[in-house]
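What follows is a short report on a single structure.
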Amino acid sequence: MEFGVSLPSRGPLARPDIVLKIAAKAEALRYASVFVSDHIVLPTSSARSVYPYSPTGQLPGGANQDYLEPLSLLAHLAQATTKVRLGTSVLVVPYRNPVTTAKTLATIDVLSRGRVILGAGVGWLREEFEAVSAPPFAERGRVTDEYLSLMRAMWTKDPVSFAGRFYTVRDVHALPKPVQRGGIPIWIGGQAGRDPRTIALTFRTPMEVRGAREKSPGGDRPLFQGTAAEVIDDVRRYQALGVSHIVFDPVRPDVNAALASLERFAHDVRPKVRASR
């Protein structure tokens with residue numbers, strides 16, 4: 001099993017020095033990957049859309065916050081790191097021109113010497129689709145499938161011709177190609193109905209490994225938040241289900257606490273999980 005770190009690309013920690021500090025620590029601690037998320041604009045509180053990943057239906061931290069553009073941030077990280085893999089979790093595929101996106105990702109893969117992962121999603125925020133003049137919200141699944149097919153073609157063929165329902169390209173060169181043979185790996189976010197035996201299962205979750213002297217909050221313990229022994233048990237449960245890559249979101253809005261939690265996981269949890277295989 002591999003472990004990654006979700007970087008703070010939004011909110012008060014979305015500052016160049018903090019993002020690079022966490023990425024550098026993740027690489028030094030031999031985490032396999034770092035990931036950044038994607039929003040271009042966020043609507044006001046009068047939005048009709050409901051955030052699907054929270055019991056309250058509200059985006060954590062609210063809409064009025066800084067949000068760094070993910071592909072620009074990956075290019076920056078490509079020069080600031082040397083080994084850790086660089087991914088999106090997730091890039092909302094319909095928001096961007098697929099030819100431009102394929103070119104940008106291929107360039108970042110060249111700059112990073114083959115470390116890019118495209119975590120791809122269809123999106124959930126109707127108002128954002130409207131603001132960026134994306135294809136119709138109701139068509140986002142079909143658009144995503146087609147755009148990803150076009151991007152694969154641009155990464156693996158030369159010259160490229162593609163005729164789709166939403167986009168057509170005729171006889172163009174798309175160079176340079178990604179460093180990774182076969183193109184940049186694509187991880188699909190939030191897709192159900194597939195045979196787990198045919199895909200690599202990845203799980204993203206908040207994580208905090210508390211020190212021995214830190215007091216546990218009352219109530220039910222959230223998964224992957226607790227003592228090292230508790231988090232080890234959580235990881236083993238997901239490992240038994242076939243999950244091969246867990247991406248952790250640091251829980252606390254404090255950079256030093258987040259770094260300390262990453263260190264405790266790397267030193268106190270990860271070796272014991274790997275030794276149990």
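The values are calculated or read from the model by the stated rules, or taken from the named source; none is laboratory data. Source: prediction; values computed, not measured. Here the Cβ is made from the backbone with ideal geometry for all residues, glycine too, and neighbour counts use every protein chain on show.
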I'm trying to understand the selection: among the residues of region 41-58, which are surrounded by 16 or more Cβ atoms within 10 Å (Cβ to Cβ) and at pLDDT 90 or above?
L42
Tell me, which helices (runs of 4 or more DSSP H) lie completely within region 224-277 with 2 or more residues that are within 21 Å of the chain's Cα centre (by Cα) and among the small types (G, A, S)?
255-264
Mind telling me which of the residues T104, T82 ends up being closer than 17 Å to G183 by Cα and polar (S, T, N, Q)?
T104
Counting just the residues of region 59-74 that are surrounded by fewer than 17 Cβ atoms within 10 Å (Cβ to Cβ) and at pLDDT 95 or above, which one comes out farthest from S133 (Cα to Cα)?
S72
Check whether at least one residue in region 110-118 is among the polar types (S, T, N, Q), touching a Gly at 6+ places or on another chain (Cβ under 7 Å), surrounded by 17 or more Cβ atoms within 10 Å (Cβ to Cβ) and under 30 Å from S161 (Cα atoms), and report yes or no.
no
Subset of region 183-204 (residues that are more than 22 Å from Y53 (Cα to Cα) and either at pLDDT 95 or above or not in a loop (DSSP other than H, G, I, E, B) (or both))
G183, I184, P185, R197, T198
Of all residues in region 62-95, which are part of a loop (DSSP other than H, G, I, E, B) and in contact (Cβ under 8 Å) with a residue 24 or more places away in the chain?
Q65, D66, L68, E69, T81, T82, K83, V84, S89, V90
Return a yes/no flag: does region 141-157 have any residue that is in contact (Cβ under 8 Å) with a residue 60 or more places away in the chain and either under 25 Å from S6 (Cβ atoms) or assigned to a strand (DSSP E or B) (or both).
no
What number goes with the only condition from (1) in contact with a Leu (Cβ under 6 Å, 6 or more places away or on another chain); (2) surrounded by fewer than 18 Cβ atoms within 10 Å (Cβ to Cβ) that V34 does not pass?
(2)
So is A266 crowded, with 16+ Cβ neighbours inside 10 Å and either outside the structural domain of V36 (by TED's automatic domain parsing) or of a type in the set (S, T, N, Q) (or both) or not?
yes
